[in-house]
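Report on the following structure.
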Amino acid sequence: MRKIFLLALSLCLSTSVAVAADENIFGDSDDIFDEQPQQITAENKEQSVLSSYLDSKLPSIVARNIKKQEKVFCYTVEFADPSYEGYMVDEMAIKGSCGELSKEGKQLIADSILSNASLFSNSDANCNVKPRILLRYVNGIDHTDILLSHPCPAVMFFNGRHFVSLNANPGANTIENIIKAYESLNEKFLSPALLGQMVGNGQVITQDQKEIVRRLSPTEAPIKKWNTEPQVEEKPQNNTNAKATGWNKLK
């Protein structure tokens, strides 16, 4: 599985590397929880990665999954056409996978977005959200999704019925640079469920998974329809007379 390696002091793309899966992820013990229970507890301890601003804005369960994350996966997304029949997440079409964040990648997001209160503004910004990058923070089998939007600069947080949308206009350049870096790592998305994964990023790890892909995707034709429709030029929208509403509008 590819992991993203990004320098915390810059927003430039660096290299990604392949990491082989362990042959036996559970080890030889009959009860792995009897081996090093203190270490497991320490590894899952909540991290203070959120600014006081975000801590005050996010519901506790949304914040908890971010603080206690065990994996972070990256996806490229866009609004789904009504006729779209491919894979979706949070009602958006999945364009591809941009890998699993490494320790450095997670620190980059923490420094640039999660602990950076100056990124956000409390003022209204009447612009239409355009989904680009979705980061899934996984804790156990629960997760919190963080959506990055550009050119309408916004950061949105999803968990079940909980949804928070924040105006990131002061940090528009930061959001844009992060999006460009992750989009450049985009790869074809494959269903984690078909590969026997729970909430993985849909990238092949084992030989058995390669066989599944070979059987279910025998040609190079796209499985999904998101990249087969002709591009339609977007018309500029006049937002001066109407205030944006709905989950995909930034107030």
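The values are calculated or read from the model by the stated rules, or taken from the named source; none is laboratory data. Bear in mind the structure is a predicted one, so any value in this text is a computation, not a measurement. Positions of Cβ are backbone-derived with ideal geometry, glycine not excepted, and every protein chain shown enters the neighbour counts.
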- Query: Got at least one residue in region 173-181 being acidic (Asp, Glu), out of contact with any Pro (no Cβ under 8 Å at 6 or more places or on another chain), surrounded by fewer than 20 Cβ atoms within 10 Å (Cβ to Cβ) and not in a strand (DSSP E or B)?
  - Reply: no
- Right, PHE189: surrounded by fewer than 16 Cβ atoms within 10 Å (Cβ to Cβ) and either in contact with a helix residue (DSSP H, G or I) (Cβ under 7 Å, 6 or more places away or on another chain) or hydrophobic (A, V, I, L, M, F, W, C) (or both) or not? no
- Message: Please pick out the residue among ILE146, ILE133, ILE94 that is closer than 17 Å to LEU50 by Cβ and of a type outside the set (Asp, Glu).
- Response: ILE146
- Query: Do we have GLY196 as at positive phi and in contact with a helix residue (DSSP H, G or I) (Cβ under 9 Å, 6 or more places away or on another chain) here?
  - Reply: yes
- Message: Can you tell me how many residues within region 98-123 are in a loop (DSSP other than H, G, I, E, B) and either closer than 16 Å to VAL155 by Cβ or basic (Lys, Arg) (or both)?
- Response: 5
- Can you work out which of the residues in region 93-112 that are more than 16 Å from SER191 (Cβ to Cβ) and of a type in the set (A, V, I, L, M) is surrounded by the fewest Cβ atoms within 10 Å (Cβ to Cβ)? ALA110
- Message: Can you report the number of residues in region 131-157 which are in a loop (DSSP other than H, G, I, E, B), surrounded by fewer than 20 Cβ atoms within 10 Å (Cβ to Cβ) and touching a residue at least 40 places away in the same chain (Cβ under 8 Å)?
- Response: 2
- In the set SER115, SER123, the lone residue that is among the hydroxyl-bearing types (Ser, Thr, Tyr), at pLDDT below 95 and surrounded by fewer than 22 Cβ atoms within 10 Å (Cβ to Cβ) is SER123
- Message: Can you pull out every residue in region 70-97 that is modelled with pLDDT under 95 and either in a loop (DSSP other than H, G, I, E, B) or in contact with a helix residue (DSSP H, G or I) (Cβ under 6 Å, 6 or more places away or on another chain) (or both)?
- Response: GLU70, ALA80, ASP81, PRO82, SER83, TYR84, GLU85, GLY86, TYR87, ASP90, GLU91
- Message: Yes or no: region 13-25 includes at least one residue that is surrounded by 10 or more Cβ atoms within 10 Å (Cβ to Cβ), modelled with pLDDT of 50 or more, more than 25 Å from VAL129 (Cβ to Cβ) and under 20 Å from the mean Cα position of the chain (by Cα).
- Response: no
